[in-house]
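Worksheet for the structure shown next.
What follows draws every value from the coordinates through simple rules; no lab data is involved. Everything numeric here is computed off the predicted structure, so don't read it as measured data. With ideal geometry, Cβ positions are generated from the backbone for all residues, glycine too; neighbour counts draw on all protein chains shown.
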Amino acid sequence: MKLTLTVNGTEYARTIEPRLLLIHFLRDELGLTGSHWGCDTSNCGACVVWLDETPVKSCTVLAAMTDGRRVTTVEGLARNGVLDPVQEGFSACHGLQCGFCTPGMMMTARWLLDRNPNPTAAEVREAISGQICRCTGYENIVRSVLWAAGNDGNDGNEGNDGNDGSDDDGRD
Amino acid sequence: MDATSGGGAYGPIPRKEDARFIRGQGTFVDDICLPGMLYGAVLRSPLAHARIVSVDAAAAAAHPKVMAVLTGEDLAERALAWMPTLSGDVQAVLATDKVRFQGQEVAFVVATDRYAARDALELIAVDYEPLPPLIDARTALDPGAPLVRDDLPGQNGNKVFDWAAGDREATDAAFSAADVVVSCDMVYPRSHPAPLETCGIVADMNPVSGKLTLWVTSQAPHAHRTLYAMVTGVPEHKIRIVSPDLGGGFGAKVPLYPGYLCAIVGSMVTGRPVKWMEDRSENLMSTAFARDYHMHGEIAATADGKILGLRARVLADHGAFNATAQPTRFPAGFFHIFTGSYDVPAAFCEVTGVFTNKAPGGVAYSCSFRVTEAVYLVERLTDMLARQLAIDPAELRMRNLLKPEQFPYTCATGWQYDSGDYPRALRLALDIAGYAELRREQAQRRARGEYMGIGLSFFTEGVGAGPRSQMDILGLAMADGADLRVHPTGKAVLGISVQTQGQGHETTFAQIVAHELGLSPDDVEVVHGDTDRTPFGLGTYGSRSTPVSGAAAVVAARKVRERARLVAAAMLEVAADDLEWLDGKWRVRGDPDQARGIAEIAMAAHSTLDLPDGVEAHLDASAVYTPPNLTYPFGAYICVTDVDPGTGEVKVRRFIAVDDCGVRINPMIVEGQVHRGIADGIGIALMQAIVFDESGNCLGGSFMDYLLPTSMECPSPELGATVTPSPHHPIGAKGIGESATVGSPAAVVNSVVDALAPFGVVHADMPLTPAAVWRAIQGRPIRPDLALS
Ligand code: FES
Ligand code: FES
């Protein structure tokens, strides 16, 4: 079947098998290997990307379901070569070790901060609770996201301009 | 700190490797995509024990996208149906005679895409004749038990080995003389390290050059290269192993797995690269499990709590093949360090390994070669002894801990501990916890009917294997190399034989070299994980990277520094003896402004400068480090829990960890390792177990059933540090990668059992799920299902 979608701002058209999972489409068809696959059961979150504005586990989404929609992956997190504060925070606070869970964690973190610019540690923990990290024990991931919250908007991160100062739940 | 080093490069600097990972530009095995690459998939046995009557792969081979199908018979023709394990046993690559565990490899399909390979598996018809499975290790030695390994000549039971350490008579005497003896049966259940990246390979046999290149999830690329050469017959110089970025390993990526061999043969047969990545169920059901020790422990003491002796009898479930990854002469790993951190005059342990119809493995998951089982045993017994004697468990530990002046200390089973100040570490942990106040709070809560637990554990590990005369894997002595090249501009490249799985070697090892040579860590590039570009060594497991390869890096750097001294002397026209290494430069004694740093010296070494006879015109050096002894990291942990007696739910409120891993090169990375281990301990103690039903069906084959701790179960750890350098390591470092995984489960269990003390609970087996806690409260602490773990 035919699939047309936008990934990280670039439009792609491909012919795919209807059963193809989004994670495999991104990785094998588009070569965007930043999103990872870690389980068969939608438990680990290594595959988290955004579908439009919402984080999804891309191992649990058929590529076909993204027709006409926007997908954002870790490769789209930096804008114009400027790292997202979330990315900087993960490095500054040692929020990653092997780096396998990191892309999914960062995509969820960005989504959280867009809705809740000043989360508590407990709110960060809840936001990432559907994702597994086997390396960090989560503490430094929490610190990384809080670091990013403290540094959001300091470095011209364009991706957030529309949301700065907004702390209500969600956009449409 | 080492007075001769340049200094300044240690410290909590951000990691170099982060730059690629935060951009999604890591290169994991599944990210490798070669032109013409094919995809493999493994057909696995649905049964735990069955004779294979026939395998019909004709329909699969006829699938339009299938390029090859391999069965056990096909591999047998190439003498590859069986492969050696790391413990001197053999393991079926693809089963020919019987299947011996659920999930065992039976056939391999190579197709043009992932999905087609999976489709074709469905087309293979295997006729099995079911056999009674042996699942409960405790019945393995019964007469009439099903025989798992009828393939082994002369094997007429299910015993793998009998092994003992310590002095039986002296220990028996100590027990006879004791005022009090406490004993307990405890199960350290089977678990799985479950790194977030599963195992996989891209195998590329180039038919023209004869070169076999493997991108593979390997913690030990060099040792694996030797093994692949021995198994496949491809000459070793024609094999290149690249272990790219690894998404965790924790010991699961030390063994060779059948899927790797299948992909290699698949590439040989098709002439194209073949990728095989296992899925999560395959990972949990077939690759290296951990633990599975059924232990009977006894502790003898005087009435005032002086420990006199320890005894342990262990039944070790090794699964269907003896494939434990550990020093070959240590069939129970380092379990016999089970006297732990205490001055125990007499100790004796016996371990019997048995085959069962379960996946092979046993040594994995940051266990420091079974030290975690040993620590768990002694720390549970110590707590039980404290309860029996009505002595506070912190006080009882304090009375028995080794004293600083006892080091180097040789324990009752022969290990020589290098250095330590144990009471200091325990006092610090008690201080951070506010121990006395916690006990007061506990008493108040108990009076209100609330169940709060305070659990301690103190651990000592022996890591950094090993002295090469004593420790080898299949004859390869456990040494590691470092290869240091200093370019004319003073920038350096360090090749190492160990392989990071997230531990941050690219940063730590750069710091090590920079520190020795007065460089910035930015000036040192670390190369690892590529056997064509790095020196030989046995790899990363058992917390050996810093103790062994880190030491090799130091030795190589110091060789560079010594040659630099000769070059600097020529530059400054002074005698080499007139130079001293100070603040990162060679300086003229008495005139320290007359100085040359490594960058200037490197350029001079490569210039036309006249060098003294015998001084080679470069600043490169290499080293192979063979440790004189293990290093012995230690620590004191305290876990505070709250238990809901109605639901059995355990909440970990606080976790305090004081670790002493000797000199810390990058404290930020060290703390990250401790954070991980605490999460492991909470997971292992409270939720993780691979269990089976009576038919041998694995009940932990997915993340739906094999529960891992999330951000909601893991507390924010409170860390402390003491630094007792290792006297025999060139920079005094001891290794930290496994400490918290080894030490923390006992603290969690001790805490929960402490919380349940008002119910009379003295022991309950892991994992302490709500159901297990509830059973313990009901007076039924034994988990019948764990008999099958
Ligand atoms: S791969 Fe695990 S949740 Fe998607
Ligand atoms: S950093 Fe390794 S899984 Fe999170």
ask   = Top mean-square fluctuation among A:Pro117, A:Pro55, A:Pro18, Gaussian network model of chain A, C-alpha springs under 10 Å?
value = A:Pro18
ask   = Can you list the lysines whose alpha carbon is less than 16 Å from that of B:Lys211, not counting same-chain residues fewer than 8 positions off?
value = B:Lys238
ask   = Can you work out ³J(HN,Hα) from phi for every residue in region B:34-48, in order, using Karplus 6.51 cos²θ - 1.76 cosθ + 1.60 and θ = phi - 60°, giving whole Hz and x for Gly and Pro?
value = 9, x, x, 5, 10, 10, x, 8, 9, 8, 10, 6, x, 10, 7
remark   = Expressed in angstrom and rounded, the centroid-to-centroid distance over alpha carbons for region B:708-727 and region B:349-418 is 19
ask   = Which order do peptides B:667-676, B:404-413 fall in by mean Cβ count within 10 Å, highest first?
value = B:667-676, B:404-413
task = Of the listed pairs B:Lys491/B:Lys585; A:Lys57/B:Lys16; A:Lys2/B:Lys65, which have alpha-carbon separations greater than 19 Å here?
result = A:Lys57/B:Lys16; A:Lys2/B:Lys65
remark   = Residue by residue through region A:105-114, the couplings from Karplus 6.51 cos²θ - 1.76 cosθ + 1.60 with θ = phi - 60°, in Hz, x for Gly and Pro, are 4, 5, 5, 5, 4, 4, 4, 4, 5, 5
ask   = Using unit Cβ charges (K, R positive; D, E negative) and no other charged atoms, how large, in debye to the nearest 20, is the dipole of the protein assembly as shown about its Cα centre?
value = 940
Around A:Val7: net Lys/Arg minus Asp/Glu count, Cβ-Cβ under 14 Å = -2
ask   = Toward the positive end of the charge dipole of the protein assembly as shown, about the Cα centre and with charges on Cβ (Lys, Arg +1; Asp, Glu -1), which of B:Ala41, B:Val126, B:Val208 goes farthest?
value = B:Val126
query = Suppose every K and R has +1 on its Cβ and every D and E has -1 on its Cβ; what is the size of the dipole of region A:2-76 about the Cα centre, in Debye to the nearest 20?
reply = 80
remark   = Residues whose modelled amide H sits under 5 Å from the amide H of A:Val7, counting only those 5 or more places away in sequence or on another chain, are A:Tyr12, A:Val71
ask   = When you count, for each residue, the other Cβ atoms within 10 Å and take the mean per peptide, how do B:319-325, B:60-66 rank with the highest first?
value = B:319-325, B:60-66
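For a test of the definition: using alpha carbon positions, the gyration tensor, and the 1.5 limit on a/c, classify region B:336-459 as rounded, prolate or oblate.
oblate
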inquiry  = Which of the three applies to chain B, rounded, prolate or oblate, going by the alpha-carbon gyration tensor with a ≥ b ≥ c and a/c under 1.5 meaning rounded?
reply    = oblate
message = Which order do the peptides B:287-294, B:242-249 come out in when sorted by mean C-beta neighbours inside 10 angstrom, highest first?
response = B:287-294, B:242-249
note = With +1 on the Cβ of every Lys and Arg and -1 on the Cβ of every Asp and Glu, the dipole magnitude of chain B about its Cα centre, in debye rounded to the nearest 20, is 420
inquiry  = Over chain A, with a Gaussian network built from C-alpha contacts below 10 Å, which listed residue (A:His24, A:His94, A:His36) shows the highest mean-square fluctuation?
reply    = A:His94
task = State whether the protein assembly as shown is rounded, prolate or oblate according to the following rule on the C-alpha gyration tensor (a ≥ b ≥ c being the square roots of its eigenvalues): a/c under 1.5 gives rounded; otherwise a/b larger than b/c gives prolate, and the remaining case gives oblate.
result = rounded
key: Placed amide H near B:Thr217: partners under 5 Å, 5+ positions off or other chain   = B:Gly200
query = Roughly speaking, what is the centre-to-centre gap between region B:194-211 and region A:1-30 when only Cα atoms are used, to the nearest Å?
reply = 26
query = Anyone know which of A:Ser144, A:Ser35, A:Ser91 comes out most mobile in the 10 Å Cα GNM of chain A?
reply = A:Ser91
ask   = Average partner chain C-beta neighbours within 10 Å, per residue of A:84-94?
value = 4
task = Once you have the Kirkwood Rh of region B:136-378 from its Cα pairs, apply Stokes-Einstein at 20 °C and 1.002 mPa s and quote D in µm²/s.
result = 107
